[in-house]
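Input: a single structure, listed below in structure tokens.
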Amino acid sequence: MNRLHPSDAWRWLGSTTELAGLTRRFAGRRDFVLLFHSIGGIRGANYKPNVTVEQFDEIVGTLSERYQAVDLPELLVPSQDTRFAVTFDDGFRSVYTSAFRILRAYEVPATVYICPEFIGDQNCELLRSRHGLRESATDVMMTEEQVQQTVESELFTVGNHTATHADLADVDAERLIQEIVGGKQQLESDFDTEIERFSYPYGSMTEEAVDIVSQHHSIAVCSRRGLLTASPNRFRIPRLDGNRQASSLYLETTDYGEIVRSIGRRLLNRL
Ligand SMILES: [Zn+2]
């Protein structure tokens, strides 16, 4: 039997715009970070987790109208406003070709977490197996030139997503350092910049990994789902999956959404 997944409930709830309108009265008071991968799909891929260009435009437009869009580290400074930050994992080319244009239009900053090994489709083996890419799929990941332009842009910032997209819970101590510190150093030397931000591949966080990340970066995001607390742990920042309808996402950013989420968790635990 298929288990009920929390995202199914959100999709159902978010499908009624009246409900999304109702939730305005429960407007969120907690900051949040959005997680995206590719925007608008990948030609020649069976890769599911992405939003269309139109959906992305609607999400960014809706949320930046209701909340204050900020650069990620600003979320660590307390504020009266409810704020959000945008992040992308892996460095898909569609982020450069489709998402940046929309983010610029709304003046929304973003962080793009890059694996040096993915740049210019170098490691196609891993990309093919992870995202169901056909042999013919090309131009999937950002090129060196595009990463360089991202580094130089005022609105966007490049972060470290490890050297080879390793599962940090599954590597020995030596490799852990190569992945975290080596990935950072390679990006810094290849693009003549300083890398301060980190994203854990697969959301895998061991105590050792968090420890090394914290010695070499100033902020790190994970894949744990949720809104930020009043004083978030700067090396375990949770995120919300942006891969959904704008109304459903908006619902999840409200206090009402937090209540529903906690009830949902309790119900699922009883199944
Ligand atoms: Zn990733």
Has region 186-199 got any residue that is over 20 Å from ARG83 (Cα atoms), among the basic types (Lys, Arg), within 16 Å of the ligand (Cβ to nearest atom) and modelled with pLDDT of 95 or more? no
So is THR206 of a type in the set (S, T, N, Q), more than 16 Å from the ligand (Cβ to nearest atom) and either touching a helix residue (DSSP H, G or I) at 6+ places or on another chain (Cβ under 8 Å) or in contact (Cβ under 8 Å) with a residue 40 or more places away in the chain (or both) or not? yes
Of all the residues that make up region 200-239, how many are of a type in the set (Gly, Ala, Ser), at pLDDT below 95 and closer than 18 Å to PHE36 by Cβ? 3
Restricted to region 84-109 and to residues being of a type in the set (Lys, Arg) and at pLDDT 95 or above, the residue surrounded by the fewest Cβ atoms within 10 Å (Cβ to Cβ) is ARG101
How many residues does region 123-144 hold that are surrounded by 14 or more Cβ atoms within 10 Å (Cβ to Cβ) and over 20 Å from GLY41 (Cβ atoms)? 1
Which residues, counting only those in region 182-209, are surrounded by fewer than 18 Cβ atoms within 10 Å (Cβ to Cβ) and in a helix (DSSP H, G or I)? GLY182, GLN185, GLU188, SER189, ASP190, TYR202, GLU207, GLU208
List, please: which pairs have Cβ atoms under 8 Å, are six or more places apart or on different chains, and start with a residue in region 100-120 that is under 15 Å from PRO201 (Cβ atoms) and end with one that is within 15 Å of the ligand (Cβ to nearest atom) and among the acidic types (Asp, Glu)? TYR113/ASP89; TYR113/ASP90; ILE114/ASP90; CYS115/ASP90; PHE118/ASP90
In this structure, does LEU103 turn out to be assigned to a helix (DSSP H, G or I) and closer than 17 Å to LEU63 by Cα? yes
Residue list for region 143-170, filter: of a type in the set (A, V, I, L, M), at pLDDT 95 or above and not in a helix (DSSP H, G or I): LEU155, VAL158, ALA163
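Does region 87-100 contain any residue that is hydrophobic (A, V, I, L, M, F, W, C) and part of a loop (DSSP other than H, G, I, E, B)? Full working, then the answer.
So in region 87-100, the residues hydrophobic (A, V, I, L, M, F, W, C) come out as 88, 92, 95, 99-100.
Filter once more, keeping what is part of a loop (DSSP other than H, G, I, E, B): none.
Within region 87-100, none of the residues are hydrophobic (A, V, I, L, M, F, W, C) and part of a loop (DSSP other than H, G, I, E, B).
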Go over the candidates VAL221, VAL213 one by one and state the one that is touching a residue at least 40 places away in the same chain (Cβ under 8 Å) and either within 16 Å of the ligand (Cβ to nearest atom) or in a helix (DSSP H, G or I) (or both). VAL221
Being touching a strand residue (DSSP E or B) at 6+ places or on another chain (Cβ under 7 Å), over 18 Å from LEU249 (Cα atoms) and of a type in the set (Gly, Ala, Ser) is the filter here, so list the residues in region 44-103 that pass it. GLY44, ALA45, GLY91, SER94, SER98
Can we say ASP89 is within 16 Å of the ligand (Cβ to nearest atom), within 17 Å of the chain's Cα centre (by Cα) and closer than 16 Å to HIS37 by Cβ? yes
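The values are calculated or read from the model by the stated rules, or taken from the named source; none is laboratory data. Just so you know, these numbers come straight off a predicted model, no measurement behind them. Glycine also receives a Cβ, built like all others from the backbone with ideal geometry; neighbour counts cover every protein chain displayed.
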